[in-house]
C-alpha cells in the first residue's frame, strides 16, 4: 500500500465523524465539570462572605467589604472577580442555603442560568422556572425570554393555592409528572405569526402551520403535531378539528380550536363533542382522556366560570398576535387571581 492510499483510508469520513463525536463529547463533559466546580465555588464564596464576615449585615459596611475584597481578587485572578460578581455570589448563597440543593442544581443548570434565577424573589415562581428549565433543557436565552414573557403568571398553576403549587412542582421534580395546570397557559403569544389587522380563522390556522416549530415552542416542547382539519363523522355529519396535537408527558390527545372572536358558550358543546369522539374512537390503552384548548381573541372569564369548565378537560385562553405590555399582562394576571379565589370560595361554600 502506497503512502497516499494509506492517508486516504485514514481520512475516511466515517472514521472522522466518530473521532469528532468523541472530541465533542469530551469537550462537553469538561465544560459541565468546569461549570459544576465553579458554581459550587461561587456558592462557597458567597456563603463565606455573608455568614462569617458580614454576619448577614449589608448597607455601607457590606459594600466596603465587597469592594475591598474584589480589588484584591481582581489583582490576583482577573476581572472575573468584580464587585458585581461577588454580589452574585452573595445572592446565590442567600437564596440557596443548603449545599445539597446547590450540588443538585449545578449538574443541570449553568451559572448563567442560576444568575437569572436567583433574582426572582418569589420562591414558588423560582422553583417553577428551575423545574421547567431542567425538564425542557432551556438555553440561558430561552430562560430569560420565558421570565420576561411572564410564563409563570400565564400558567394555570400560578393561580392555585401555594400548597397546591408546591405539591405540583415536587411531583414534577421528583417524578417528572406534569399536570395540565403546568402545561396550559393564558394568554398565548402568537406575535411571530405576523398576521395583519384583519384575518380569518383559516388565515390564523395557516399561519400556525407555516410557523409550526415556533408555535410548539410557545405551547411547550412536549407537544407533538398530529393533524390539521382532522375530519370526524358523527351520524353521517362531518366535523373538522382545527389542530390535533399529542402531549407526551400528559399522555393525552390535545384538540386546539381556533376562534378569531370572543369566547361563546356554544364553543363548549363543540369541544365536548370532539373530545368524546376522540376518546371513543382514537384513544389507545394507557392514554389519559383528551384535552381541549379553545384559543379566542377574548376569553370572557365570567362565561368560563359559569360554565364550570374547571370541572372538565376544556381550557379556554386568550391569544395575542401583537405583544402586550407587561402592565396589561399584570392586570390580566391579578384579575385571573381574583376570579380563581372567588371561584374557590364559591366551591367551598
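The values are calculated or read from the model by the stated rules, or taken from the named source; none is laboratory data. Source: prediction; values computed, not measured. So basically every Cβ, Gly included, is an ideal-geometry build from the backbone, and we count neighbours across all protein chains shown.
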Quick one: residue 226 ticks every box in (1) over 19 Å from residue 134 (Cα atoms); (2) touching a helix residue (DSSP H, G or I) at 6+ places or on another chain (Cβ under 9 Å) except a single one, so which number is it? (2)
So residue 148 clears everything in (1) within 17 Å of the chain's Cα centre (by Cα); (2) in contact (Cβ under 8 Å) with a residue 12 or more places away in the chain except one condition, right? Which one? (2)
So for the stretch 190-197 (the condition being surrounded by 13 or more Cβ atoms within 10 Å (Cβ to Cβ), modelled with pLDDT under 95, touching a helix residue (DSSP H, G or I) at 6+ places or on another chain (Cβ under 9 Å) and in a helix (DSSP H, G or I)), does at least one residue qualify? yes
Any residue that is more than 25 Å from residue 249 (Cα to Cα) and at pLDDT 90 or above - is there at least one of those in the stretch 303-320? yes
Looking at this structure, is residue 203 part of a helix (DSSP H, G or I), in contact with a helix residue (DSSP H, G or I) (Cβ under 8 Å, 6 or more places away or on another chain) and either under 16 Å from residue 260 (Cβ atoms) or at pLDDT 90 or above (or both)? no
Residue 208 - would you say it is more than 22 Å from residue 338 (Cα to Cα), surrounded by 18 or more Cβ atoms within 10 Å (Cβ to Cβ) and either in the same structural domain as residue 289 (by TED's automatic domain parsing) or modelled with pLDDT under 95 (or both)? yes
